[in-house]
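Report on one structure; see the data block that follows.
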Amino acid sequence: MKDQEPNPGNNPLGLGCWALGGKGWGGQSEADAMEVMATALETGVCHFDTARMYGVSEELVGRFLKGRRSEVFLASKVYPRGDSSFIRAELEQSLKKLQTDFIDLYYLHWPVEGWEIADQVEALVQAKAEGLIGSIGVSNYSVRQLEEALKVGPVDYLQIGYHLLWRQAEESVIPFCLEKGIRVVSYSSLGQGILAGKFPRSPVFPKGDHRANRVIHFHPDVWPHVYSAVEKLKAIAQSVGQPLSHLALQWCAGQAGIDTVLVGARNQKQMLENAAAFQQPVDEAVLQEMTAISDAVLPLLPPGKHIFDL
């Protein structure tokens, strides 16, 4: 549905659909995936975010949305491994798999060395002019790359990895987006599950789960610092009688420039917990305590362009 609002009712929460496709997450039950999406809609979460790279995620989302496409603000992404003709072909595949003739928001998923950003953005400008997409997005872009993209056409959205324990974007990227009127969407808003507070001191992942060897926070030299910070955050959550995930999502959504907070769910229980995150406001003093814990641990983490930068 054209002109769908990304955050109906000012709900900042969006459903990240990567894990629903199973790829990189040790598999996923299709029945659970469908139930997650149904529960998201029932609880007012209408921003669905998927991508060509997310296994069978687009196909599942497409099947779910059959007959109710107008209820969702739909976002997808292309990994730009080629020129404008490649991107156009990928867009057509996304439209087919999603069973729609229009994607509300379409991203260039990652900047890829050796391919011209200008050519890639021009492909999205053309697709927008033809009515195939509603908004142009880029993901994981630096300020320099955003500047290059803006020479070609408007950039409506930037999607970045951002959460309480990963805040590099505050230094320059988010201020740039605020200045240019670019909406910012956070992914990994719960730190790939870290800020749900459920990982033990020695986390174990199922076979095929990318977090075991791709996410900075789980590196053996980094995890002890992260674990210690999370334990402190859990104590704060316990003191105010709310799940840590609720506090973390409210913290993320309350930061300057953040428009939408994406979070994944593997089953109905997780989706219901995430959807309830904004029902009980968190006191500003509590959020400040959380920021102080974050400020103390961030210098102990290795610098990186993104959370997968190992």
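The values are calculated or read from the model by the stated rules, or taken from the named source; none is laboratory data. The shown structure was predicted, so the numbers you read here are calculated from the model rather than taken from an experiment. Virtual Cβ from ideal backbone geometry, glycine too; neighbours counted across all protein chains shown. Heads up: the accessible areas ignore ligands, DNA and RNA and are worked out on the full protein's heavy atoms, side chains in. Shrake-Rupley method; radii C 1.70, N 1.55, O 1.52, S 1.80 Å.
Structure notes:
- Pairs from 77/234; 23/66; 151/305 whose Cα-Cα separation, in the structure shown, is over 28 Å: 77/234
- Taking label positions 7 Å along the Cα-Cβ direction at both residue 171 and residue 291, the computed distance is 1.9 nm, reported to one decimal.
- One quarter of the surface of the convex hull around the alpha-carbon atoms of the chain equals 14.8 nm², the direction-averaged projected area.
- q = 0.13, 0.18, 0.26 Å⁻¹, the stretch 234-294: log10 I(q)/I(0) [Debye, one scatterer per Cα]: -0.34, -0.64, -1.20
- Here the accessible area is traced with a 1.4 Å probe on the protein chains. For the stretch 184-310, carbon and sulfur cover 53 percent of it.
- Rolling a 1.4 Å probe over the heavy atoms of the protein chains gives the chain an accessible area of 43 Å² per residue.
- With one equal scatterer per alpha carbon and no solvent term, the Debye-computed log10 I(q)/I(0) for the stretch 177-297 at 0.10, 0.14, 0.21 1/Å reads -0.32, -0.64, -1.35.
- Against the criterion of solvent-accessible heavy-atom surface with a 1.4 angstrom probe, 85, 29 sort, most first, into 85, 29.
- Proximal aspartates and glutamates to residue 269, defined as alpha-carbon separation beneath 16 angstrom and excluding residues fewer than eight positions away on the same chain: 30, 32, 35, 42
- Taking 7 Å steps out from each Cα toward its Cβ at residue 66 and residue 234 produces label points 4.3 nm apart.
- Accessible-area composition of the stretch 10-103, carbon plus sulfur, in percent [1.4 Å probe]: 47
- Cα-based convex hull, the stretch 115-192, per residue volume (Å³, whole number): 99
- Working note: Cα atoms of the stretch 225-266, range along each principal axis, descending, whole Å: 28, 24, 23.
- Shape call, the stretch 1-105: gyration tensor on alpha carbons, a/c limit 1.5: oblate
- Loop-located trypsin sites (Lys or Arg not before Pro) in the stretch 84-182 whose Cβ has at most 12 other Cβ within 10 Å (DSSP): 151
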